[in-house]
1. Within region 421-428, does at least one residue satisfy the condition of being assigned to a loop (DSSP other than H, G, I, E, B) and assigned by TED's automatic domain parsing to the domain that holds residue 681?
2. Taking the stated definitions as given, is residue 280 in the same structural domain as residue 380 (by TED's automatic domain parsing) and either touching a strand residue (DSSP E or B) at 6+ places or on another chain (Cβ under 7 Å) or without any contact (Cβ under 8 Å) to a residue 60 or more places away in the chain (or both)?
3. Suppose we filter 494, 445, 438 for residues that are under 40 Å from the mean Cα position of the chain (by Cα) and either exposed (fewer than 14 other Cβ atoms within 10 Å of the Cβ) or at pLDDT 90 or above (or both); which single one remains?
4. Take residues that are surrounded by fewer than 17 Cβ atoms within 10 Å (Cβ to Cβ) and tell me which of the strands (runs of 3 or more DSSP E) falling wholly in region 662-767 contain 2 or more.
5. Might you let me know whether region 323-338 holds any residue that is touching a residue at least 60 places away in the same chain (Cβ under 8 Å), touching a strand residue (DSSP E or B) at 6+ places or on another chain (Cβ under 8 Å) and under 22 Å from residue 248 (Cα atoms)?
6. Quick one: is residue 403 surrounded by fewer than 19 Cβ atoms within 10 Å (Cβ to Cβ), in a helix (DSSP H, G or I) and not assigned by TED's automatic domain parsing to the domain that holds residue 135?
7. Do you know which of the residues in region 218-237 that are assigned to a helix (DSSP H, G or I) and loosely packed, with under 11 Cβ neighbours inside 10 Å is modelled with the lowest pLDDT?
8. Is there a residue being assigned to a loop (DSSP other than H, G, I, E, B), out of contact with any strand residue (DSSP E or B) (no Cβ under 9 Å at 6 or more places or on another chain) and assigned by TED's automatic domain parsing to the domain that holds residue 727 anywhere in region 630-637?
């Protein structure tokens, strides 16, 4: 008789205690460690705080040859989820990590993954969902995942993150489950705080535990081709979802089986529920993840006072452990469910209603259930807060009812006498008019001629962005933006993508912006501002707005925003709205810790394209967004840098004219990021100047489809080798070493190829 693979692994693991070692690491490090030891085939990823570190750690490990995972940097979380799905359909073991709005951006793909029954593991490092934007931890993203059909494990500590990542793959691949699994843990509380963790000494221990990938249908099986995701009618879809529902319920049982086996291997036990002193509890708190750990000390203190208190924290919430919860709460007089998210208008968030539903099947007295929404946006949860929760439960237990079953906890009511007043007085557009810039259109060619005075004449023009922002020393964003805005006259409405320029200028309740400002996420910025533009013109047409001059609408993007936002930008360009999209290109996702973006050049080092014995920086060439946008045939495209200020101001003036009269403008400015480029703060202008003179970043414009190089270093006898630019930055100096000569030559050839194409377009207007 053949012994099932699951049983074989179980018997093997029970008979072999594993060697372990103690480390002092964070939850993100432990997620990466588990993934590396498992050695997944593929990780599709996109950086978002606070989950970003997982990919970074895996990249560092890969440079040292510690795993063979193919790390694929996507163009956004939607793309990363697609990469993972495609790899899973090919029979690969697949891994991912995300947070907050990134999780929501990929959520369309998640029911596809579960509905077609392809296993994978994803770490959800929980974080507040925007808006307004907050990067700290709560559970508002996790709750969106409850209906996706994924198994969901919850981890309270870095130790649990490590252990559950190993168990998760076994659960996902079980022959009676075959579903994707989320391991959810608290952003910053668990993801970044370091704790003592026991890890297996040898990766073979982990790989032996998870075993070989069980056989399952996949698209690379030549003998058994399959159709993935076929269209279904109602009857078939009903049957499909019924099977999926049975599978996820089975996953709850499999969790217990795998946890028992893992306990024998590791010495660590994970029940369906983590129960702390619940054996005779009369009042209890029901808390997810790290908050439950904070409450345990309070339980001990209350027990010393004769109060029979306890804490319940689930280790799995999909499937929801209803029976275990009923058993744990029998005899409890009152339980308070603390939730780090709200289901707005439902008088309690998701877990509250699921707990209440579970308790309905108790025959006899049921606990009084209270709910408190707490800790949103990473608001700390202290022992005093846990004690306050217990006091609320005690009061309800004594009275036999809860006076206020649902409420928020920790909110601060406003006081009229403490009303905040703006630090900056708003400035009218007339303040930003110099009257010194003239733009004229040639009636025959349609092209513009611009007269810009010497820059010293424009120094009296106020800055659009006030000083006092929090940018790093030497940051090139604001010198470049201010030069651009010197060429813009009158009123503006700006939209900033999430990124360094946004984060450093808008810390609530203060901001550095002197005129109207909007923030939206990378993937929606261009679409959002196009809506603002069209609303302005329609309201003006209807006579609802009376303004002497039109606004200039400017969207500022950077920090990789033209990766995840590219689709929206192209759609906005094809519609040709009267607005400007301005990209500050710092060659990486700097606001999340310097991960590679598609604009990162070949070979350059980032936190996800490390340099080591197994790789030498980014493996592919940079994206030319200016040429991509020029291919949409918008009226005006330009490139610029602060090293050529007169050129930048003149192009800004042209951009304003086109945006007010003809349609969309796209501008790209190369700017320095000394922190992540590993360059000197004072060298920004020198570095971007060398980028121009080496022809890596040519200065040109595309006006009505005709290319004009506005500065030709060869014609001025100022061209320098590419190495002259690379030598200034620590992120690229390794390319100058002898062993990287091949990569450097490839980089030089690509720069020369693109420069030659640009010159050909300059010389031949029809190209």
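The values are calculated or read from the model by the stated rules, or taken from the named source; none is laboratory data. For clarity, every value in this text was computed on a predicted model and none was experimentally measured. Glycine also receives a Cβ, built like all others from the backbone with ideal geometry; neighbour counts cover every protein chain displayed.
1. Scanning region 421-428, I find no residue that is assigned to a loop (DSSP other than H, G, I, E, B) and assigned by TED's automatic domain parsing to the domain that holds residue 681, so the answer is no.
2. Details: in the same structural domain as residue 380 (by TED's automatic domain parsing): yes; either touching a strand residue (DSSP E or B) at 6+ places or on another chain (Cβ under 7 Å) or without any contact (Cβ under 8 Å) to a residue 60 or more places away in the chain (or both): yes.
Here the answer is yes, as residue 280 does meet what is asked.
3. The conditions single out 494.
4. Correct list: 706-711.
5. no
6. Numbers: surrounded by fewer than 19 Cβ atoms within 10 Å (Cβ to Cβ): yes; in a helix (DSSP H, G or I): no; not assigned by TED's automatic domain parsing to the domain that holds residue 135: yes.
No.
7. Among them, the one singled out is 234.
8. Residues of region 630-637 that are assigned to a loop (DSSP other than H, G, I, E, B), as a first pass: 631-635.
Filter once more, keeping what is out of contact with any strand residue (DSSP E or B) (no Cβ under 9 Å at 6 or more places or on another chain): 631, 633.
Applying the additional criterion that residues be assigned by TED's automatic domain parsing to the domain that holds residue 727 yields 631, 633.
Taking every residue of region 630-637 in turn, at least one turns out to be assigned to a loop (DSSP other than H, G, I, E, B), out of contact with any strand residue (DSSP E or B) (no Cβ under 9 Å at 6 or more places or on another chain) and assigned by TED's automatic domain parsing to the domain that holds residue 727.
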